[in-house]
Every structure is written in C-alpha cells, then in structure tokens.
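Here the structure comes first, spelled out in structure tokens, and everything after it is commentary.
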Amino acid sequence: MAKLPIIIDCDPGQDDAIMLMMAFSQRDKLDILGVVAVGGNVPLDKTGRNARIICELTGHTDIPVYAGCVRPLARDLHTAVEVHGEEGMSGVDVYEPDMPLQKKHGVDFIIETLRAHKDAEVVLVITGPMTNLATAFTQAPDIKSKIKEIVLMGGGRTIVGNVTPSAEYNIYADPHAADIIYKSGVKTVTIGLDVTHRVLASKARVQRMKSIGNKVAVTACNILGPYSFYDSDKYGTDGGPLHDPCTIAYVLDPGLFTTKFCNLEVETGSELTLGHTSVDFWHGMPESERPKNTHWAYEVDDDGVYDLLYRCLETFS
Ligand code: BDR
Ligand code: CA
C-alpha cells in the first residue's frame with residue numbers, strides 16, 4: 001500500500017516527543033516528509049533541538065527537521081515550561097545533537113513541499129501553536145488544495161481549558177493562527193482536551209510501557225514520570241492526559257476516535273477568554289450560519305490508543 005505523506009509540525013514538549021516516537025515507528029505506513037518545529041512549550045531553539053534528539057534516540061536521523069516561526073503571529077511567546085520543564089523534555093538528558101537543523105525556514109519547507117505534491121495528498125499533523133501553517137497559508141494560499149487533512153491537537157468543549165479557565169494551550173498560544181487554519185476551508189480534525197483527558201498515562205500503563213524495555217520505551221516512561229505528576233496533581237487523576245500522541249493514533253487508526261462535523265470558532269478578541277474554542281456541537285443555534293469547519297473528536301477508545309502506542313514502542317526493540 002502507498003505510504004501516506006505527512007508533515008509534522010510540533011513544539012517538543014514531552015507529549016510531542018512521544019508523538020514523534022510513535023510516528024517514527026510507522027515509517028512503513030507514513031512517508032514523513034519533514035518535521036517542523038515552532039516556538040511553543042519552550043522557545044524555538046529548544047523545540048528544534050528536542051525534535052532532533054528524538055530523531056537520534058530512535059535512529060531516524062534521515063528525517064529533515066526545520067525551524068519554523070519563533071513567536072506567535074500577534075502576541076508574545078507564552079511557553080509551558082511549568083509543565084514540560086525549562087528544556088522542554090523533563091526526564092531526558094538534553095544535549096546538542098550531531099544531526100543538523102535544516103537551513104531552510106520551516107514555512108518555506110511547508111510551502112515548497114506542498115507545491116510539489118498533488119491535490120489533497122498530504123496530511124499535516126500539528127501538535128503545537130499553529131503559527132507555521134497559518135503563515136504558510138497567508139504567504140501561499142495556493143498550497144491549501146494540496147492538503148488532504150489537518151489533524152491537530154487543540155481546543156476544548158466539555159473540558160474547556162488547561163492554560164486558562166477558557167482555553168487550551170495550543171490555541172491560546174496563537175489564537176490568530178488557529179483562526180486562520182479554521183477559516184482556511186481545508187479539512188481539519190480536532191483532537192482536543194475532551195478526548196485527550198481520557199487518554200491518561202496511569203501508573204499501570206506506564207509500567208506496561210516500561211516492561212517493553214528498549215531505550216525508546218524507557219525514555220518515554222522517563223518523560224511520562226514528571227509530565228504525568230504535574231497533571232495528576234492538578235486534576236486529581238491517576239496519570240496526566242497524553243495529548244499529542246492522539247494525533248498520530250488518529251492518522252494510523254481513525255476508528256479509535258468518534259468525531260462530529262461542527263462549526264468551531266476561535267476567540268481572538270477577549271482578554272478573558274482569549275483562545276477559547278466555541279464548538280457548535282449540537283448545531284443548536286438556528287440563527288447561526290457559521291459553516292461546519294472541523295471534525296470534532298468527542299469519544300476515544302483510550303485502551304486502543306495505548307495498545308497502539310505499546311505496539312509502536314515495541315518496534316524499537
Ligand atoms: C498541548 O499543550 C502543550 O503543552 C502540549 O504539548 C499539547 O500539545 C495540550 O494542551
Ligand atoms: Ca505540543
């Protein structure tokens with residue numbers, strides 16, 4: 001079967017790092033055209049470095065890593081170092097990788113790569129602020145037709161926010177970019193907090209992962225330790241939500257998620273609710289003529305996501 005061409009846009013980030021491990025383990029199915037880093041959980045120099053550390057850890061140094069945008073479109077960078085640590089990957093000994101960063105800007109890479117593909121061919125996976133793709137859309141609107149779908153982690157409806165009472169981190173960090181993506185007319189699949197908060201990295205699941213025993217699985221567990229503690233303490237759950245790997249789980253096996261085609265609007269004006277995702281789940285506003293623009297994930301087979309993650313990590317043995 002032909003491999004699915006994908007571009008991964010991320011801000012590693014602990015859960016981003018596990019998302020990359022998952023994706024790299026499936027290169028027989030995924031044609032990973034490149035990884036683009038963005039300023040997000042930690043500044044860009046660290047997200048680009050961390051992505052390359054995961055390439056080296058997993059032995060996938062032939063995957064090109066690009067640096068994209070340093071900061072959001074219209075506001076200052078709001079990091080999440082309180083969750084991910086100052087270096088963005090608590091639990092991992094970070095270092096300057098031998099593998100170089102590509103010289104080309106990540107936005108130019110996205111534009112040129114999409115232009116070289118056929119219509120509706122490439123999947124974009126985004127697990128950080130959406131600054132890179134929004135910038136690419138603004139500079140080169142013609143590339144939109146080349147995208148099959150954008151699978152992104154962001155937003156919340158029943159679990160409304162994790163960085164403010166109203167907003168999820170990736171959307172809050174760059175709401176103007178998210179607004180451009182959702183208004184682009186390109187198919188989007190939104191994996192938000194409503195599902196990721198059910199994919200908990202419980203002690204039993206981390207133990208199961210540790211038993212896989214190879215260095216990638218052990219690193220994933222080392223990452224999940226501090227990451228999970230932060231969110232377990234905050235939410236009073238057995239383990240924190242494993243957000244970003246859900247995007248790759250969706251790409252590999254969409255049946256693990258149930259989605260509904262809805263209208264989603266991003267709040268870009270209010271100081272109080274900046275980055276809020278207003279999801280018209282019930283299509284309940286007769287006066288609303290806002291178009292349906294995203295496939296909103298609202299159910300997840302969480303055991304299935306973990307089974308898939310274990311299988312991915314086992315490939316590194
Ligand atoms: C998202 O925010 C980031 O801190 C995580 O990496 C994830 O992408 C969850 O809200
Ligand atoms: Ca992320």
Per residue, in Å², the accessible surface of the stretch 4-314 once ligands and nucleic acids are set aside, probe 1.4 Å: 38 Å²
Given N residues in the stretch 197-317, what is its alpha carbon radius of gyration divided by 2.2 N^0.38 Å? 1.30
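Considering only protein heavy atoms and a 1.4 Å probe, what is the carbon-and-sulfur percentage of the accessible area of the chain? Intermediate results must be reported in sequence, preceding the final value.
Details: 6330 of 12450 Å².
Here it works out to 51 percent.
For the stretch 28-99, divide the Cα radius of gyration by the Kirkwood radius and give the resulting Rg/Rh value with two decimals.
In the stretch 28-99, Rg relative to Rh is 0.99.
From the cross-link list Lys29/Lys215; Lys210/Lys260; Lys146/Lys292; Lys203/Lys234; Lys3/Lys215; Lys3/Lys46, which pairs have alpha carbons spaced over 25 Å apart?
On the way: Lys29/Lys215 23 Å; Lys210/Lys260 35 Å; Lys146/Lys292 20 Å; Lys203/Lys234 16 Å; Lys3/Lys215 27 Å; Lys3/Lys46 30 Å.
The pairs that break the limit, which is 25 Å between Cα atoms, are Lys210/Lys260; Lys3/Lys215; Lys3/Lys46.
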Between beta-carbons, use under 11 Å as the cut-off and find the net charge around Thr131, counting Lys and Arg +1, Asp and Glu -1. -1
For the stretch 80-168, with the dipole built from +1 on Lys and Arg beta-carbon atoms and -1 on Asp and Glu ones, taken about the Cα centre, which of Val92, Gly156, Val81 lies farthest toward the positive end? Gly156
Taking the alpha-carbon centre of each part, the distance from the stretch 17-34 to the stretch 162-217 in Å is 17 Å
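Please sort 39-52, 3-16 by packing, taking for each peptide the average over its residues of neighbouring beta carbons within 10 angstrom, highest first.
On the way: 39-52: 24.4, 3-16: 26.3.
Ranked from most to least packed, the peptides come out as 3-16, 39-52.
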Ordering of 77-90, 118-131 by burial proxy (mean other Cβ atoms within 10 Å per residue, highest first): 118-131, 77-90
If you take the square roots of the eigenvalues of the alpha-carbon gyration tensor of the chain and sort them as a ≥ b ≥ c, do you get rounded (a/c under 1.5), prolate (a/b over b/c) or oblate? rounded
For the chain, with only Lys/Arg (+1) and Asp/Glu (-1) charged at the beta-carbon, what is the dipole magnitude about the Cα centre, in debye rounded to 20? 600 debye
Within straight cross-link reach of Lys144, meaning Cα distance under 13 Å, which aspartates and glutamates are found once same-chain residues fewer than 8 apart are removed? Glu112, Asp119, Glu121
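The values are calculated or read from the model by the stated rules, or taken from the named source; none is laboratory data. No experiment lies behind these values; they were computed from the predicted model shown. In this analysis, Cβ positions are derived from the backbone assuming ideal geometry, glycine residues included, and neighbour counts consider all displayed protein chains. For the accessible areas, the whole protein counts, side chains as well, though only heavy atoms, and no ligand, DNA or RNA atoms are used. Shrake-Rupley method; radii C 1.70, N 1.55, O 1.52, S 1.80 Å.
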